[in-house]
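Encoded as structure tokens, the structure appears first; notes follow it.
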Amino acid sequence: MEILKKIVKFAIPYKKYAYLNIFFNVFYALFSTLSMLSLMPMMKVLFDDSEKVLDKPVFVSMVEITSYLEDYMNYFITKNNDSNGASNTLLYVVFAIITIFLFKNIFGYLAKYYITFLRNGVIKSLRETLYSKILDLPISYYSEKKKGETINKVIADVMEIQSSFLSILELIVREPLTIIFTIVSMLLISVKLTIFVFLFIPVSGFVISAIGKRLKKDSHKAQEQQGNILSILEESIGGLKIIKGYNSENHFKSNFSKLTNSFMKTSNSILNRQNLASPMSEFMGIMVITVLLWYGGNLVFVEHSIEASTFMAYMGLAYTVLTPAKAISKASYSVKRGTASAERVLEILDTENPLKDKEDALDSISFEKEIIFKDVWFKYEEQYVLKDFNLTIPKGKMVALVGQSGSGKSTIANLITRFYDVDKGEITIDGVNIKDITKRELRAKMAMVTQDSILFNDSILSNITVGSEHTHESISKALDIANASEFVNKLPKGITTNVGDSGNKLSGGQKQRISIARAVFKNPSILVLDEATSALDTESEKLVQDALENIMNNRTSIVIAHRLSTIQQADLIVVMKNGKIEEKGSHSELLKAKGNYYKLVNLQSL
Ligand SMILES: Nc1ncnc2c1ncn2[C@@H]1O[C@H](COP(=O)(O)OP(=O)(O)O)[C@@H](O)[C@H]1O
Ligand SMILES: [Mg+2]
């Protein structure tokens, strides 16, 4: 119920279509019942067993509406048979039947026509909300959750919600109304027969719900497995060079088939359970019909309390009541599957972002003095990665972080950009804790260049602006400073060239210079470079290094590097070890101290 409510929220903008759907469904249900009743006069004419009524009946009150209608019908048949013959009467009846069925189907179509807009609208809103949530959630969310699982939720689970969960919207008004109208007509024809029919319905309902129970659990499992399949697929395509290069195709194939095997088992169990629904309800249905035939037949032949033609029409009605009842029992399976998917989708939507902006967070700050790390402790999982870390980065200065891999350098970049929050201590900009600043404002002040240049499958231009306003001059200036103009101008399509998936149509050095152009274009006050040149060959490193020096000019920068030659001119060099500062000072001071930095420099110059 809770889940349904949350999903229904997405339907609110489309409620106009729900009303239209209800409106047409009321008529559909009405005509659906009428269509069965319309068979009654046909039987009466064919079997010629209608009571002869010679006087036009008069309408007395609503209480006697059934007998009035029946009398009127008999009167019409008697009169028309006398004056025009039975085959003419049959023509009238046939025409009436065709008209009623036509209307029934037109209304049925219109009801479906309108609900379609709602169903697909809900999917659109749901996907959009999910996507913004995915962008909003912190980076840490995705190191715990598999990417494939998240993608599966946006694609497969949302589809499942649309196909199964929302399919009940079609039934929710139509089928119960059809049942009510039909039952009313059945009761009007024969109370005795109707009570008899309804003794059977709870029995079949019980059987069906028993099968449905396990379905939800299995469906959860299936979607999870499908997520794992997506994960492996994504990883394999991304890592194709390694898989082929190390001849590990078979290893990956067998991992993949373990997943597909367990998915197959779960799916088999789900489908077969579902497959039971239709034969079960058909069998239940025919049981009702045959027992009814036996019981009703007795009423016709032995008791003579009901006419044969009326009984035939009654059978039609009983059948009409079974169709929506079957649809409802089928829908109960769908709802179970849909609920499982909805739960999984809501799991993302209900995840609180731990890095929320405070209500009174500053959306505009000045940066005139310094950034300070004060007694900062931080851990990703159990172990502290930064322990009581203290550092002051004055405005306009270049601070370099060096030290063995795993010592916590990138972590500092992650914390200053607030991709993660510190556990203890604080990071301040001009004395303001960065937790008191909106993330938007904080990140507006910074630009980051990382080791693996992150490029999107789009043009060079879009990769540089990532959605910001730009002029021709600002772009070419950014490309100039990033040492990228020359190669970009040589490309046949220039800045509109598509860079390919993750930029794989460019070389490593070219990719990195586009990343730098992106940072230059942003014109940040604080620049964070995390091993920006580490992945490059010497020649492109030289080009990228020059580009970096161009933008670091007069800017506050935090430079993480393992090639020490690139940071000699830094104002402050911080040597890190196991999340702590081991040494700090300028290049010449550290050389004089003959400590670890001295050793590292000697090691690298060898
Ligand atoms: N997302 C993460 N989840 C868990 N542990 C992490 C994560 N990122 C880094 N670590 C751990 O934190 C430590 C510091 O990592 P990092 O700051 O990336 O080191 P480096 O100095 O090489 O940049 C390492 O021991 C690493 O295993
Ligand atoms: Mg690192």
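Summary of computed values
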read-out: Cα shape, the range 386-433, gyration tensor, a/c 1.5 rule; value: oblate
read-out: Dimensions (Å) - the range 62-112, Cα atoms, principal axes, largest first; value: 44, 32, 8
read-out: Spin-label model distance (nm) - Asn250 vs Leu54, 7 Å beyond Cα toward Cβ; value: 9.8
read-out: Stretch gain in nm, segment Met1-Glu234, where the contour uses 0.36 nm per residue and the Cα spacing is subtracted; value: 80.3 nm
read-out: Computed label-point distance, nm, for sites Ile98 and His470 using a 7 Å Cα→Cβ extension; value: 6.7
read-out: Protection-proxy order for peptides 114-120, 582-588, each taking the mean of Cβ atoms within 10 Å per residue, highest first; value: 114-120, 582-588
read-out: Cβ-Cβ FRET estimate between Ile139 and Ser257, R0 fixed at 45 Å, reported to 0.05; value: 0.90
read-out: The range 412-563: relative contact order as a whole-number percent, Cα under 8 Å and 6+ apart; value: 29
read-out: Footprinting exposure proxy for Glu249, Glu441 (fewest neighbouring C-beta atoms within 10 Å first); value: Glu249, Glu441
read-out: Inter-probe distance in nm under a simple model that places probes 7 Å from Cα toward Cβ, at Phe47 and Val26; value: 3.5
read-out: Net lengthening on full extension, Lys580/Lys15 (0.36 nm per residue, minus Cα-Cα); value: 197.5 nm
read-out: Computed helical MRE - 222 nm, the chain, DSSP H runs ≥ 4 contributing -39500 (n - 2.57), nearest 500; value: -20500 deg cm²/dmol
read-out: Ser163-Trp294 FRET efficiency (beta carbon distance; Förster radius 45 Å; 0.05 resolution); value: 0.65
read-out: Net lengthening on full extension, Asp480/Ser507 (0.36 nm per residue, minus Cα-Cα); value: 7.9 nm
read-out: Equivalent ellipsoid dimensions for the range 360-498 as semi-axes, Å, which come from the Cα gyration tensor, largest first; value: 33, 19, 14
read-out: Quotient of C-alpha Rg and 2.2 N^0.38 Å, computed over the range 353-399; value: 1.51
read-out: Hydrodynamic radius of the range 443-565 per Kirkwood, over alpha carbon pairs, in Å; value: 14.2
read-out: Relative packing of 358-370, 387-399, 491-503, which averages over residues the other C-beta atoms within 10 Å, highest first; value: 387-399, 491-503, 358-370
read-out: Sorted by Cβ density within 10 Å, fewest first, the residues Arg418, Arg440, Arg518; value: Arg440, Arg418, Arg518
read-out: Cα centroid separation, the range 27-44 to the range 549-606 (Å); value: 90
read-out: DSSP-defined beta bridges in the chain - what % are antiparallel, rounded to 5; value: 50
read-out: For Val385, residues with placed amide H under 5 Å, excluding near neighbours; value: Phe378, Lys379, Tyr380
read-out: Ranked packing of 58-68, 153-163, most packed first, by mean Cβ within 10 Å; value: 153-163, 58-68
read-out: Three-way shape label, the range 515-606, alpha-carbon gyration tensor, a/c 1.5; value: prolate
read-out: Computed Rg/Rh of the range 238-337, alpha carbon atoms with Kirkwood Rh; value: 1.46
read-out: With eigenvalues of the C-alpha gyration tensor scaled by 5 and rooted, the chain, Å; value: 77, 25, 22
read-out: The range 45-190, Rg to Rh (Cα coordinates; Rh as Kirkwood inverse mean 1/r); value: 1.32
read-out: Calculated FRET efficiency for the pair Lys356/Glu426, C-beta based, R₀ 22 Å, to 0.05; value: 0.80
read-out: Prolate/oblate/rounded call for the range 125-188, Cα gyration tensor, a/c under 1.5 rounded; value: prolate
read-out: Whole-angstrom Cα spans of the range 413-466 along principal axes, big to small; value: 41, 20, 13
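Values in this text are rule-based calculations from the coordinates and carry no lab data. Note that the structure is a prediction, hence the values are computed from the model and not measured. Because the Cβ atoms are built from the backbone with ideal geometry, glycine has one as well, and the counts that use them run over all protein chains shown.
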